[in-house]
Amino acid sequence: MSAVGGSGFGRSVFDRDTLPSIDHHARVEIVQSLVGSGGSGCEAFLYLDLVDVRWLTGFSGSNGWAVVTADDLIVGTDGRYGDRAAAETSGTGATVIAEASRLRLHERLVSALAPCRSVGLDPTSTTQSAWTTLAIDLALDPVGSVVKSRREIKDEAEIARMSAAAIAADTALVEVEPMLFATVDSPVTEADIRNELEYRMRLHGADDRSYETIVAAGPEHGARPHHEPSRRRIVEGDTVIIDVGALVDGYHSDMTRSYVIGEPTQQQRELYELVSQSQHAGIAAIAGATRARTIDQASRDVFDAAGYGDWYLHGTGHGVGLEIHERPFHALTSDDAIQVGNVVTVEPGLYRVGFGGFRIEDLLVVTEHGSLRLTHAPERPFN
């Protein structure tokens, strides 16, 4: 049983039934418009990336592909997922192929595409080995994936799912914070906090955690941006980084909050405030930004000016959607564009062995005039 606030079974903090439906049929039509005379020159597109397949068709199984021609959508999978694929793609008019044999499924794919003189496939979505095997029987044409580029711009239904995931994570964190601060009298470990957060996210309606929850405490673990929670006790004087997200209908949320256990030192107060200033600068830079590196530079400049540039160990953020890390990526070397409808993180941090670390992260929708925040858990670094 949960250690905080009793069992409280079934207390979803959002109404799943009110989430807008995703119009996969419209997505298929967009791709079909690009077949042949649509400008690509390809007579069909083949999608092997399972995230692309899900975005396009709604099919969420762990094995499958999608073929788009000017008139048809074909979804192939193995025998485990035939009924599921038919149900999840029912609104698209897809023909579903399910074969128990991997060889037979490959043969069905080749049969479906063999008449096509040019089959568009994104080479970054598959392996060289798979490409070589397919190219024996198919006239493959390396093309960029229109699905991948479309995935960067989120529609209302996608944002609603990410907002719901954020609400579940927000609520779980707010409920678990008292347990964290009480560790001075009732000791808890990094793993205890992780377990409680993940339990409560599911309790509040999430399908799963978004990624492996990070709880990084103390002068060594806190200096690792992606530390894996351990059985180490969280003790007075520790800095603590909690990076937590939930998953709803395939869509992710992402948020980080940082803390000090007990009375903070002057250095802890000053560095937390510096991270907060850096995040505010990065968020402010979204307004009017055309390139993701602009956001990274704005956050990084705050640390450089204060003499802590070498404490900053990663980029300032990334896109989020059906994947937890997707374009655009906020880094000095990035050439990714910032566009209205992107959902991105801004997550600067400072880390040093002997001190620990702080990171503050929020999830935001890029709008015409700036951004709209999806994560709302209050910042309470000091008890």
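The values are calculated or read from the model by the stated rules, or taken from the named source; none is laboratory data. Note that the structure is a prediction, hence the values are computed from the model and not measured. As a convention, Cβ positions derive from the backbone with ideal geometry for all residues, glycine included, and neighbour counts pool all protein chains shown. Ligands, DNA and RNA are stripped out before the accessible areas are found, and what is left, the full protein with its side chains, is counted by its heavy atoms. Shrake-Rupley method; radii C 1.70, N 1.55, O 1.52, S 1.80 Å.
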Subset of region 76-97 [in contact with a Leu (Cβ under 8 Å, 6 or more places away or on another chain) and not in a helix (DSSP H, G or I)]: GLY76, THR77, ASP78, THR89, GLY93, ALA94, THR95, ILE97
In region 25-76, the residues that are more than 16 Å from LYS148 (Cα to Cα), without any contact (Cβ under 8 Å) to a residue 24 or more places away in the chain, within 24 Å of the chain's Cα centre (by Cα) and open to solvent by less than 20 Å² (accessible area, probe 1.4 Å): GLY64
Candidate set from region 98-138 (those that are open to solvent by less than 30 Å² (accessible area, probe 1.4 Å) and part of a loop (DSSP other than H, G, I, E, B)); member that is farthest from ILE30 (Cα to Cα): LEU138
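Sort through HIS376, HIS314 and tell me the only one that's open to solvent by 10 Å² or more (accessible area, probe 1.4 Å), in contact with a helix residue (DSSP H, G or I) (Cβ under 6 Å, 6 or more places away or on another chain) and assigned to a loop (DSSP other than H, G, I, E, B).
Going through HIS376, HIS314 in turn, the sole match is HIS376.
In the list GLY319, GLY349, which residue meets the criterion of being surrounded by 21 or more Cβ atoms within 10 Å (Cβ to Cβ), among the small types (Gly, Ala, Ser) and within 18 Å of GLU156 (Cα to Cα)? Talk me through it step by step, then tell me what you get.
Working: GLY349 fails: within 18 Å of GLU156 (Cα to Cα).
Just one listed residue meets the conditions, GLY319.
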Scope region 298-337; condition within 23 Å of the chain's Cα centre (by Cα), without any contact (Cβ under 8 Å) to a residue 60 or more places away in the chain and over 14 Å from GLN279 (Cβ atoms); matching residues: HIS318, HIS325, PHE329, ALA331, LEU332, THR333, SER334, ASP335, ASP336, ALA337
In region 241-291, the residues that are without any contact (Cβ under 8 Å) to a residue 12 or more places away in the chain and open to solvent by less than 10 Å² (accessible area, probe 1.4 Å): none
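Every residue, every condition in (1) surrounded by fewer than 22 Cβ atoms within 10 Å (Cβ to Cβ); (2) within 15 Å of ASP254 (Cβ to Cβ); (3) touching a residue at least 60 places away in the same chain (Cβ under 8 Å); (4) in contact with a Ser or Thr (Cβ under 7 Å, 6 or more places away or on another chain), yes or no:
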| position | (1), (2), (3), (4) |
| --- | --- |
| GLU175 | yes, no, yes, no |
| THR183 | yes, no, yes, no |
| ILE193 | no, no, no, no |
| TYR199 | yes, no, yes, yes |
| HIS204 | no, no, yes, yes |
| TYR211 | yes, yes, yes, no |
| ALA216 | no, no, yes, no |
| PRO219 | yes, no, yes, no |
| GLY222 | no, no, yes, yes |
Any strands (runs of 3 or more DSSP E) falling wholly within region 320-365 and containing at least 3 residues that are modelled with pLDDT of 95 or more and closer than 13 Å to THR294 by Cα: 326-330
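VAL110: more than 25 Å from ILE153 (Cα to Cα), out of contact with any Gly (no Cβ under 7 Å at 6 or more places or on another chain), touching a residue at least 60 places away in the same chain (Cβ under 8 Å) and of a type in the set (Val, Ile, Thr), yes or no? Talk me through it step by step, then tell me what you get.
Details: more than 25 Å from ILE153 (Cα to Cα): yes; out of contact with any Gly (no Cβ under 7 Å at 6 or more places or on another chain): yes; touching a residue at least 60 places away in the same chain (Cβ under 8 Å): no; of a type in the set (Val, Ile, Thr): yes.
No; evaluated as a whole, the condition is false for this residue.
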Test: residue in region 184-203 that is on the phi > 0 side of the Ramachandran plot, modelled with pLDDT of 95 or more and either in contact with a Gly (Cβ under 9 Å, 6 or more places away or on another chain) or not aromatic (Phe, Trp, Tyr) (or both): no
Residues that are among the acidic types (Asp, Glu) and surrounded by fewer than 19 Cβ atoms within 10 Å (Cβ to Cβ), drawn from region 142-156: ASP155, GLU156
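Please determine, by comparing only the residues of region 1-17 that are at pLDDT 85 or above and under 22 Å from the mean Cα position of the chain (by Cα), which one is surrounded by the most Cβ atoms within 10 Å (Cβ to Cβ).
The qualifying residue surrounded by the most Cβ atoms within 10 Å (Cβ to Cβ) is PHE14.
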